[in-house]
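What follows is a single structure, and I will ask about it in a moment.
The values are calculated or read from the model by the stated rules, or taken from the named source; none is laboratory data. Computed from a prediction, not measured in an experiment: that's the story for all the values here. Glycine gets a Cβ as well: all are built from the backbone with ideal geometry, and neighbour counts include every protein chain shown. Side chains are part of the model used for accessible areas, which takes the heavy atoms of the whole protein and leaves out ligands, DNA and RNA. Shrake-Rupley method; radii C 1.70, N 1.55, O 1.52, S 1.80 Å.
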Amino acid sequence: MLKLDTSNVLNKLNKHNSKRYERAIKNIISNIELTSAKGCEMMGWYSLPNNYDSTLLLAMKKKAAEWKKYRLAYVVVIGIGGSYVGVRAAIDMCCGAVDKEGPEIIWVHNMGATYINNLFKKIGKKQFAIIVISKSGTTIEPAIGFRLFRELLEKRVGKDKAHKYIVAITDAEAGTLHEMALKNNYTTFGIPNTIGGRFSVLTPVGLFPMLIKGIDILQVLAGARQAIKDCSPIELDKNSAYNYACLRHYLYTNKSLVIENMIVYDPSMVFVSEMWRQIFGESEGKNHCGLYPDVSLFTTDLHSMGQYLQEGVRNFFETTIWVNQPLHDQTLNIRDNVDKLKYLNKKTLHKLSYSAFMGTIHAHTKIGKVNNIIIQIDKQDAFHFGYLFLWFAISLTISAYLLGVNPFNQPGVEAYKHNMFKLLGKKKS
């Protein structure tokens with residue numbers, strides 16, 4: 001399932017440090033159980049996989065089946081932040097970044113004028129439906145996106161039928177989008193109040209769009225349950241999520257490394273690294289502390305950042321997600337040597353990537369003196385996505401509490417919103 005390989009970490013935890021961290025983790029868990037840990041009331045994501053509402057699952061499956069009959073060309077998913085990154089990570093990982101099965105997902109996560117205009121052109125006259133994701137309904141980017149695409153849909157099918165093609169995933173009890181949905185008879189699926197946006201991928205935020213693409217959401221939840229089970233021991237040598245949390249904390253606080261570069265080797269895994277970046281960056285970046293989470297796609301970025309990573313400032317460490325069995329593979333059949341590639345005959349593309357991966361690890365660790373952590377997963381499938389998400393969330397929780405920050409709030413995000421609304425002339429309601 002998942003293996004944490006620390007054999008290429010130069011600054012390892014010794015027994016004394018491991019025991020010290022285990023004592024700190026025991027204290028953190030005790031505070032969570034006593035509900036005295038800051039923000040722990042927002043840990044609904046932890047109990048969710050073992051207590052999922054079967055009625056909700058059935059309702060989502062029913063709506064997905066209804067839409068399948070419409071033979072949609074596109075499903076427009078409108079959301080930003082945690083309402084976008086996690087679900088795109090799941091779909092890209094499980095279906096492939098260029099998957100063409102079922103209706104194509106159009107992601108509306110930005111209000112750039114050219115971007116939106118090009119999406120309108122892409123849809124053209126083809127049939128589409130809308131999933132709008134916003135807990136409040138007032139976040140400006142999804143609110144603007146929903147207005148624009150709702151108007152296009154209403155012109156296409158008529159206002160009286162548009163509700164059949166709209167699903168609102170929002171607060172279950174109140175809020176602007178909730179009220180709009182009631183008024184216009186949209187199908188709604190609720191977001192629990194104990195789960196924040198960046199942890200919401202196992203709620204309808206992620207599961208309903210996954211259903212649209214044919215992903216087995218029961219396997220997603222099964223993977224999450226397995227991660228919870230595997231990440232129960234306190235001992236670092238038995239709990240890879242805790243080990244990862246403590247190791248990155250040690251490299252940050254004791255070795256003055258301030259950047260963690262998350263590396264993947266296939267475009268279909270890029271948004272998994274983006275999900276990691278949001279979960280860790282938004283949770284830990286407080287009180288002027290926390291590792292800066294960076295993301296790289298190898299081997300692509302080895303041809304733009306490889307020189308710096310090999311010989312630049314040694315203020316970072318690398319963490320690689322390696323998938324042992326990709327979604328697809330291809331064998332090279334090379335009969336001539338016109339391009340000097342005959343030595344690659346009968347090798348697979350995955351074998352080539354693995355060679356690049358191992359060669360890079362050796363170069364960066366042995367020669368470049370960079371600490372390298374490797375997270376290996378067996379497959380790119382629904383089970384492993386659910387497992388990886390929960391594993392990250394558990395590790396992040398421990399990591400943030402070790403820093404002394406609340407993992408589940410994001411007070412700094414409100415600053416830009418306040419200034420933007422002021423510049424746009426919005427009056428306080």
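If I go through the stretch 169-202 residue by residue, how many of them are surrounded by 24 or more Cβ atoms within 10 Å (Cβ to Cβ) and hydroxyl-bearing (Ser, Thr, Tyr)?
Summing the residues that are surrounded by 24 or more Cβ atoms within 10 Å (Cβ to Cβ) and hydroxyl-bearing (Ser, Thr, Tyr) in the stretch 169-202 gives 2.
Condition test on residue 270, is it under 17 Å from residue 370 (Cα atoms) and open to solvent by 10 Å² or more (accessible area, probe 1.4 Å)?
Here the answer is no, as residue 270 does not meet what is asked.
So which residues in the stretch 395-424 are open to solvent by less than 10 Å² (accessible area, probe 1.4 Å) and either touching a His at 6+ places or on another chain (Cβ under 9 Å) or among the aliphatic types (A, V, I, L, M) (or both)?
Once the filter is applied, which keeps residues that are open to solvent by less than 10 Å² (accessible area, probe 1.4 Å) and either touching a His at 6+ places or on another chain (Cβ under 9 Å) or among the aliphatic types (A, V, I, L, M) (or both), the stretch 395-424 yields 396, 398, 399, 400, 405.
Of the conditions (1) surrounded by 21 or more Cβ atoms within 10 Å (Cβ to Cβ); (2) without any contact (Cβ under 8 Å) to a residue 40 or more places away in the chain; (3) of a type in the set (S, T, N, Q), residue 240 satisfies every one except a single condition; which number is it?
All conditions are met except number (2).
Somewhere in the stretch 119-137, is a residue open to solvent by 20 Å² or more (accessible area, probe 1.4 Å), touching a Ser or Thr at 6+ places or on another chain (Cβ under 8 Å) and closer than 17 Å to residue 169 by Cα?
Yes, the stretch 119-137 contains at least one residue that is open to solvent by 20 Å² or more (accessible area, probe 1.4 Å), touching a Ser or Thr at 6+ places or on another chain (Cβ under 8 Å) and closer than 17 Å to residue 169 by Cα.
Looking at 425, 404, 359 in this structure, which one is of a type in the set (Gly, Ala, Ser) and within 30 Å of residue 1 (Cα to Cα)?
It is 359.
Here is a follow-up. Return the pairs, sorted by first residue and then second, in which the second residue is in a helix (DSSP H, G or I) and open to solvent by 10 Å² or more (accessible area, probe 1.4 Å), the first residue lies in the stretch 374-398 and is over 15 Å from residue 243 (Cα atoms) and among the β-branched types (Val, Ile, Thr), the beta carbons are less than 7 Å apart, and the residues are 6+ apart or on different chains.
From the stretch 374-398, the pairs are 377/384.
Cβ contacts < 6 Å: first residue under 20 Å from residue 68 (Cα atoms), restricted to the stretch 150-165; second residue open to solvent by 80 Å² or more (accessible area, probe 1.4 Å), any location; separation 6+ or different chain. Result?
Matching pairs, first to second residue: 163/185.
Here's something else I'd like to know. So which of 86, 102, 112 is open to solvent by 50 Å² or more (accessible area, probe 1.4 Å), of a type outside the set (Phe, Trp, Tyr) and under 27 Å from residue 191 (Cβ atoms)?
Selected residue: 102, the only one of 86, 102, 112 that is open to solvent by 50 Å² or more (accessible area, probe 1.4 Å), of a type outside the set (Phe, Trp, Tyr) and under 27 Å from residue 191 (Cβ atoms).
List, please: which pairs have Cβ atoms under 8 Å, are six or more places apart or on different chains, and start with a residue in the stretch 6-23 that is of a type in the set (A, V, I, L, M) and end with one that is open to solvent by less than 80 Å² (accessible area, probe 1.4 Å) and assigned to a loop (DSSP other than H, G, I, E, B)?
9/371; 10/370; 10/371; 13/236
Name the one entry in 319, 300 that is modelled with pLDDT of 95 or more, open to solvent by 30 Å² or more (accessible area, probe 1.4 Å) and among the β-branched types (Val, Ile, Thr).
300
Then there is this: Scan the stretch 40-65 for residues that are loosely packed, with under 14 Cβ neighbours inside 10 Å and in contact with a Ser or Thr (Cβ under 9 Å, 6 or more places away or on another chain) and jot them down.
Selection gives 41, 47.
OK, next. Would you pick out the residues in the stretch 290-322 that are touching a residue at least 40 places away in the same chain (Cβ under 8 Å) and part of a loop (DSSP other than H, G, I, E, B)?
Result: 290, 291, 298, 299, 314, 315.
Contact list please: Cβ distance under 8 Å, first residue in the stretch 79-96 and of a type in the set (Phe, Trp, Tyr), second residue open to solvent by 20 Å² or more (accessible area, probe 1.4 Å), pairs at least six apart or on different chains.
Pairs that qualify, where the first residue is of a type in the set (Phe, Trp, Tyr) and the partner is open to solvent by 20 Å² or more (accessible area, probe 1.4 Å), are 84/107; 84/109.
Identify, by number, the condition in (1) in contact with a strand residue (DSSP E or B) (Cβ under 6 Å, 6 or more places away or on another chain); (2) without any contact (Cβ under 8 Å) to a residue 40 or more places away in the chain that residue 133 doesn't meet.
(2)
Out of all the residues in the stretch 326-335, is one or more under 23 Å from the mean Cα position of the chain (by Cα), within 30 Å of residue 218 (Cβ to Cβ) and loosely packed, with under 13 Cβ neighbours inside 10 Å?
yes
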